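**Q** Pasting a structure below so you can have a look.
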Amino acid sequence: MVFHLLYSTYQLEKHGVITLDPFYFIALIVLLPFVMTLAVPFAYKLMKEKVGWFAAAIAAVCFLLIASMVPSIMDGNNPAGAVSWIPSLSVNLAFYADGLAVLLGLIVSFIGILILSYSNKYLSKDEDLVRYYQYLLVFMGSMFGVAFSDNLIQLFIFWELTSISSFMLIGYYRKTKESIYGATKALLITGGAGLFMFVGFMCLFAITGTYGISEMLTNPEMLAAIKESPLFTITLILILIGALAKSAQGPFFIWLPNAMEAPTPVSAFLHSATMVKAGVFLVARLHPMFSGTTDWFVLVAGLGLITMIGAGFLALKQTDLKAILAFSTISQLAYLMTMFGFTTYAEPGIGVSAAVFHLLNHATFKACLFLLVGIIAHELHTRDIRKMGGLRKEMPITFVLMVIAAAAMAGIPPLNGYLSKELFYESSVHMAEALGGGIAYLIPVLAVIGGVLTFAYSFRLILKIFTGKRTEDPDVPKHVHDPSWVMLAPPAILAVLIVVIGLVPTPFVEALVQPAVNAILPGAEHLHVALWHGITPAFIMTIITFALGILLYTQYDRIAAWQVRFNEKHPKISLNYVYNTMVDNAFRFGATFGRMLQKGSPRRYVGIMLAFIIFMVAIPLGFALATGQPIFSTNLIFKIAISEMILFILIVLAAWGASVLPRYVPMILASSALGFFVALLYAYLKAPDLAMTQLCVETLSTIMFLLVIMKLRTKEAIRPETNKVRLRNAFIALCAASALFLLLMGADLFPAFESFSHYFMDKGVELTGGKNIVNVIVVDFRGYDTIGEISVLSIAALAIYNLIQSRTKKDGVSVDADADAASKTAVPGNFVPSCPIPGAPVGGNQVLGHVPCEDVTIHQNGDKPTMSVDEKSVNSHLDEGFSNTIREEKK
Amino acid sequence: MSTVIVKTMARAVLIVAILFSIYLLLNGANVPGGGFVGGVLFVCAIALVYVAYGMKYINNRLKPDYLSWVAYGLLFASITAIAPMIVNHNYFRSAFTHYHLEIFGIHIGEIELLSSMFFDIGVYFTVIGALLFILTNIASDKIKETDESESDRADLLGESEDFSLKPKAPVKTGATNVTADITANMTANTAANTVANTEEFK
C-alpha cells in the first residue's frame, strides 16, 4: 500500500492529476496532512514563527487537489476505490468522492488555508507553535477522512479523530482551568455520543450486512430493507445521537460554548465552519437511508426547530463575543438540520438544496465573524461586549467586514445569507402545505422566530461594538487600530466571497451545491437561486423578520436581563447543571470505589483476587451440586513417579517457607527457591524453553526483590497481624486452593476444544523454517502478540521509573530534612513509603502522609531512638496526604 | 558478597553468559532459546556484575541510556513486522532461506536466515533495555545518603548492621532459626572482608 502510494505520487508529478487511480488520489488527500504533521518540527526549525505558512501551504495543496475533482464530479462521476482491511468483517479502507464529500472537503481546506495563515499573527512567538499546527493538520486530515470515507467503521475512526484533535485544541492552553473543563466536556459529550453512533452503525450492518456507505446508498433493496427493519427507529436514534452531539444540537449543545476556550482561529475553524458540520454532514450522508419517514421528520426537523429557537434565545444574554457566536452557530446548524428534516414528504429537493447551500454560506460568514472577533479580542484584550463601543473610527476595515458578515448572518440582501434564508423560509412553507396546513403552519412561524432572533444578535454585534460611545474601561486600551494585513486578509477574502455568492450565486450553485444535492437526493429538482423571485410567501416572511427583528432589538437589554435573573433564581434548571452533577458524581463514585479497592496493601489485592477465583468456582460448583451433576471426572488416573513426588514435596516446602518465614530476606529466598524448583519441574517435564526462561527470570526477580526490600529498609518483623487476621488469611488461601483443585479435577468433564497445536507442529518448519516450535510460535505465528508484550514491558519499565522518581523526590526531602530520626523510622507491615515525623521540619515539598502525634511512639533502644507508628493511623492519613499532594501538583 | 572470588568469577561468567545469551538469541529458531530468554540472561549477567562491583562500575562501562535500547528494540521489531507490507505482503509475513557454506569446495555447514530472527533481535534489545532500566533505577534510587553501592550490596546478604533488631513477633523454631543463624554468621564473617576488599578494588 505504501509502495503504491509512493508510486502514485510519482505518477502525479509525471502525468498530472487526472491519470491517478482514484483510490490513491483520495488517499493522498486524506493522508497528506497526517504525514506532513511529522514535517512541522523541521519546518519550525527553518521558519520559526512563520511556520503557519507551511501548514497553510499544505492546506492549499489539498484544496487544489480536491478542486481538481470538481469538473468530473459535475459530470456525474464519483471516483471511488478500496483496499481490503478486514474483509471478513466487511471493514475496508475505502474512499469515495461525491458532490457532498467534495463540498465539505473544499470548505475544510479553504477555511483551513485562511485560518492557518491568520494564525501566523494571532499566536505569539513564545507559544508552542509546533503542537498547535500539528493538531490543526491532524484535524484537517481527519475531516477529509470523514468526508471521503466509504466505510462506516473507517468513518467512525476519522470521526473520533476529529473529536480527539478538537479536545487537544480546546485544551491548547493547558494551564487554565476553563480550557481543561471545556476540553473534557467536549470530549466526553462528542466522544461518548460517538459510541452510540458506533452501535448505530453496527445496527446498520446487522440490517444490510455491509459497512460500505456507497454500497448501501446505491442499492435500492438495502434502502428499502433499512426502512422496513424493526431496528429502524433505534438505529436512527443511535446514529442521530452521535451526529447531534457533534453538531451541538438538542440537549448536547452545552459543550460548544465551553469549547470557546480554544484560541480564536481554532474556534473559527473547528467550532463554527468545519467540525461541527460533521454531524450535519452525517445526517446528509445517511439521508437516503432514513428520510421519507415520520421518525426522520420528527427527530431531525423537530429537534432542529427547538434547538434553533432555544439557542437563538440564549444567545441574547451572552456577554462574551465568542459565546454569542457559539450560540449563533448552534442555532444556524439547527437551520441545517431542520432543512434536512424537511425533505420527508413533499417537494423533495428544496429542503436539501437549501440546506446544502446554507452549509456553504454559513461556513463563509461564520468563519469570517470568528476571525473578526479574534481581531477585536486581540486588539482590545477583552471579549466582553459590554466594554466595547464606538470602534468604527479606529478600526474602519474591521467595521466594514463585520457589517458584511453579520448582515449575511441576519439575512440582509444582497448577501449570500439572504439567499439561503429565503430558501429556508420557502421550504418551511412547502413543508407546512405538504403536511396539510392548519397547525402545520406553526413551522413557518417558528422559522420566522428563529430568523428574528438571528437578526437581533447579528445587529448587536455591529451596533454594540462599533457604534455608540467609546467606553472608558481600564482593561481596554485607549487607542486601537486595524491589525496587519496577515490578520485582515482572511476575513476580507471571506467577506468578498459572501458578496460574490450573494450577487452571482449561479456558478457556485452549479459547481458545488447541485452535485452535493444530487449525491444526497438523486432526482432532486434543479436549484434556481436568484435575488428576486417576486412577492412570494418567503419574501413576505423576510419582511416580517426584519420588522420584528428591529422591534426585538429595541427590547434586547430587557430580555437579556430577564434571562440572567431567571438563571440566578433557578440555577438548577440548566443542562450544564445536569452535566456537572453527572460528571461530579461519576468522579466521586470512582474515587469511593477506588478507595475501597486500593488500600495500598498488596496482600489485600491478592485477597480480593483469590476471593474472586473462589466466587467464580463456587457458583458452577453449587449449581452442579444442586442439580446432582458430577463434579469430578471419574476416569482420572493418578500416577506420580517417586522423583516427581520429591520435587513436589520440595515445592510445597518452599511455598510453606515463603509464607511462614518471619523476615523479608529469608522469605524472598524461599520464594525464589520455589521458582527454581518449578523450573526444575519444567525441565523434568521436557520443556527446556520454559525451564530456561523460568530460571533466568527467577534469578533476576530475586535480585530485584532483594534490592527493593533493602531500599525500603523495612527490617521490622513482617507479621504484625493478630491471630484473627491470620485465620482469615489462611481460610482464604485454603478456599482458593481447593477451588483451583476442584477446577482442575473437573476440567476433564467438559469436551476440550480442538487443539490447534498440531497445526504449528506440522507447518512450523515448512512455513517458517524454524525447528523450535516454541520460538516459532512466539516470533512468527503469534508475532502480533509478542509485539504487544514487549510494548507492555516497555510501558512497565517507564511506570516503574515514574514510581521510583516520584518516591525519591518526596522521600528525599523528608530524609534530608530530618536525617537522624526519619531514616531510622520503620513502619510495620506493608506500608513502606517513609512518613515524616510530626514536629520535625519538612522541606518545601509535602510528603506522602502525616500522622498525628498521639499515634507515634518512641522507643529508646540503646543509644538510637526509634519510632513506631500506629499502622491504622498511617493508613487513614495516607489517602488524605496523598490527595493533598496531587492537588498541589495540579495547581 | 564483594569477595575476590566473586569479583573474579563475575568477570569470567559475564563473558560466558553474554556469549551464551547471543547464542540463545541467534539459535532460538532451532534449539531452545530465543530473544526473550537471551535478553533476560544478559541482564542476569549484568546483575551479577552489579552484585560484585556496584552500579558505578556498570555505568562507567555501559552507556546508561537503556531507555533508548527499548525504543530501538521496539522500532526494530515494528519495522520487521511492517517491512513485508512494502513489498505487498501481509503484516508480519515471514520468510527464510538457507545458505550452504563452502570453503574451497568443501561443504562445511549450512546457515539458515530467518526474517523472524530480526524480529527476535528487536525483542532481545527491548527486553535488555527494559530490564536494565528497571534494575538500574531501583539500584540507584537515592534514598540514603551513605555511599549507596557499597551498603546496598552489604544489605543484599543481610550484612547491614542493624539486622539484629528483634522482630516483634517471636521467632519460630525450626527452619526459620537455621536461616537466621546462617545469615547472622555470614554477617559476622564477611563484614570485615567486605570493607577491606572494596577499598582494594576502588
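Since every read-out is calculated from the coordinates, none of them should be taken as a lab result. Owing to the predicted nature of the structure, the values given are computational and were not obtained by experimental measurement. No Cβ is skipped: glycine too gets one built from the backbone with ideal geometry, and neighbour counts run over all protein chains shown.
**Q** May I ask you to derive the relative contact order of segment A:248-369, considering only C-alpha pairs under 8 Å and at least 6 residues apart, and to give it as an integer percent?
**A** After rounding, I find 33 percent.
**Q** Then there's this: In degrees between 0 and 90, to the nearest 10, how far off the longest principal axis of chain A does helix A:723-746 point, with axes built from Cα atoms?
**A** On a 0 to 90 degree scale, this one is about 80.
**Q** How big is the shadow of the Cα convex hull of segment B:4-156, averaged over all directions, in nm²?
**A** Over every viewing direction, the Cα hull of segment B:4-156 projects on average to 12.6 nm².
**Q** Working from Cα positions, state the angle (0 to 90°, nearest 10) between the long axis of helix A:688-712 and the longest principal axis of chain A.
**A** Once rounded, the angle reads 90 degrees.
**Q** Let me ask something else. Please state, rounded to one decimal and in Å, the Kirkwood hydrodynamic radius that segment A:616-678 gives when every pair of distinct Cα atoms enters the mean of 1/r.
**A** One over the average 1/r among Cα pairs gives 14.7 Å for segment A:616-678.
**Q** Binned at 10 Å from 0, what are the whole-percent values of the Cα-Cα distance distribution for segment A:574-680, short to long?
**A** 11, 18, 24, 24, 13, 7, 3, 0
**Q** To the nearest whole number, what is the average tally of beta carbon atoms from other chains within 10 Å of the beta carbons of peptide A:795-801?
**A** 5
**Q** Now a separate question. Using alpha-carbon pairs under 8 Å, 6+ residues apart, how would you state the relative contact order of segment A:179-262 in percent?
**A** 48 percent
**Q** Dipole of segment A:168-569, Cα-centred, from +1 at each Lys and Arg C-beta and -1 at each Asp and Glu C-beta, to the nearest 20 debye?
**A** Roughly 1320 debye for segment A:168-569.
**Q** Return the sequence-ordered ³J(HN,Hα) values of segment B:40-53 in whole Hz as given by the Karplus equation 6.51 cos²θ - 1.76 cosθ + 1.60 applied to θ = phi - 60°, using x for Gly and Pro.
**A** So the J values, rounded to whole Hz, are 5, 4, 4, 5, 4, 4, 5, 5, 4, 4, 4, 4, 7, 10.
**Q** What residues qualify as long-range amide H neighbours of A:Glu394, i.e. H under 5 Å apart, gap of 5 or more or another chain, H built at 1.01 Å from N?
**A** Result for A:Glu394 returns nothing.
**Q** Averaged across B:131-139, how many Cβ atoms of other chains sit within 10 Å of each residue's Cβ atom?
**A** Taking the mean over all residues of the peptide, I get 6.
**Q** Taking amide H positions as placed in the peptide plane 1.01 Å from N, state which residues far from B:Ala95 in sequence (5 or more) or on other chains have amide H under 5 Å from it.
**A** B:Ser115, B:Ser116
**Q** Mind checking the alpha-carbon convex hull of segment A:221-361 and giving the volume per residue in Å³?
**A** Each residue corresponds to 98 Å³ of Cα convex hull volume.
**Q** So, one more: Test of understanding: given chain A, find the longest segment containing no GluC sites (Glu not before Pro) that are in a DSSP loop and have at most 11 other Cβ atoms within 10 Å.
**A** A:1-471
**Q** Then there's this: What's the longest piece of chain A with no exposed chymotrypsin sites (Phe, Trp or Tyr not before Pro), counting a site as exposed if DSSP puts it in a loop and it has at most 13 other beta carbons within 10 Å?
**A** The longest uninterrupted stretch comes out as A:1-531.
**Q** Next question, about the same structure. With an 8 Å Cα cut-off and a minimum separation of 6 or more residues, compute the relative contact order for chain A in percent.
**A** 8 percent
**Q** Ordered by residue, what ³J(HN,Hα) values in Hz, to whole numbers, does segment A:55-69 give under the Karplus form 6.51 cos²θ - 1.76 cosθ + 1.60, where θ = phi - 60° and Gly and Pro are x?
**A** With coefficients 6.51, -1.76 and 1.60, one gets 5, 5, 5, 4, 4, 5, 4, 4, 4, 5, 4, 5, 4, 5, 7 Hz.
**Q** In whole angstrom, how far apart do the alpha carbon centroids of segment A:45-78 and segment A:28-43 sit?
**A** Using only Cα atoms to place each centre, the spacing works out to 12 Å.
**Q** May I have the pair-distance distribution P(r) for segment A:602-752, computed from all Cα-Cα distances with 10 Å bins from 0 and rounded to whole percent?
**A** Histogram of Cα-Cα distances, whole percents per bin: 9, 26, 34, 23, 7, 1.
**Q** Over segment A:168-569, what per residue volume does the convex hull of the Cα atoms give, in whole Å³?
**A** Measuring per residue, one finds 150 Å³ for the Cα hull of segment A:168-569.
**Q** Calculate log10 I(q)/I(0) of chain A for q = 0.07, 0.11 Å⁻¹, where I(q) comes from the Debye formula with a single equal point scatterer on each Cα and nothing for solvent.
**A** -0.76, -1.26
**Q** Across the residues of B:113-121, average count of Cβ atoms on other protein chains within 10 Å?
**A** Mean partner shielding for this stretch: 5.
**Q** If you don't mind, another one. Treating the Cα atoms of segment B:36-94 as identical point scatterers in vacuum, please give the log10 of the normalised Debye intensity I(q)/I(0) at q = 0.12, 0.14, 0.17, 0.30 Å⁻¹, two decimals.
**A** Each listed q corresponds, in turn, to -0.47, -0.57, -0.70, -1.14.
**Q** Tell me, what are the semi-axes, in whole angstrom and largest first, of the equivalent ellipsoid of segment A:679-792 as set by the roots of 5 times the Cα gyration tensor eigenvalues?
**A** Working through the eigenvalues yields semi-axes of 38, 25, 13 Å.
**Q** Further, regarding this structure: For segment A:138-293, compute Rg over Rh where Rg is the Cα radius of gyration and Rh is the Kirkwood radius from the inverse mean 1/r over Cα pairs.
**A** On the Cα set of segment A:138-293, Rg over Rh gives 1.01.
**Q** Compare the Cα positions of A:Leu391, A:Leu503, A:Gly341 along the charge dipole of segment A:168-569 (+1 at Cβ of Lys, Arg; -1 at Cβ of Asp, Glu; about the Cα centre) and return the one farthest towards the positive end.
**A** A:Leu391
**Q** Next up: Name the residues whose placed amide hydrogens come within less than 5 Å of the amide hydrogen of A:Asn151, ignoring near sequence neighbours (fewer than 5 apart) on the same chain.
**A** Residues meeting the criterion, in which the H sits 1.01 Å from N, are A:Ala94, A:Ile213.
**Q** For segment A:430-442, in order, what is each residue's ³J(HN,Hα) by Karplus, 6.51 cos²θ - 1.76 cosθ + 1.60 with θ = phi - 60°, in whole Hz (x at glycine and Pro)?
**A** Karplus values, whole Hz, x for Gly and Pro: 4, 4, 4, 5, 5, 7, x, x, x, 5, 5, 5, 4.
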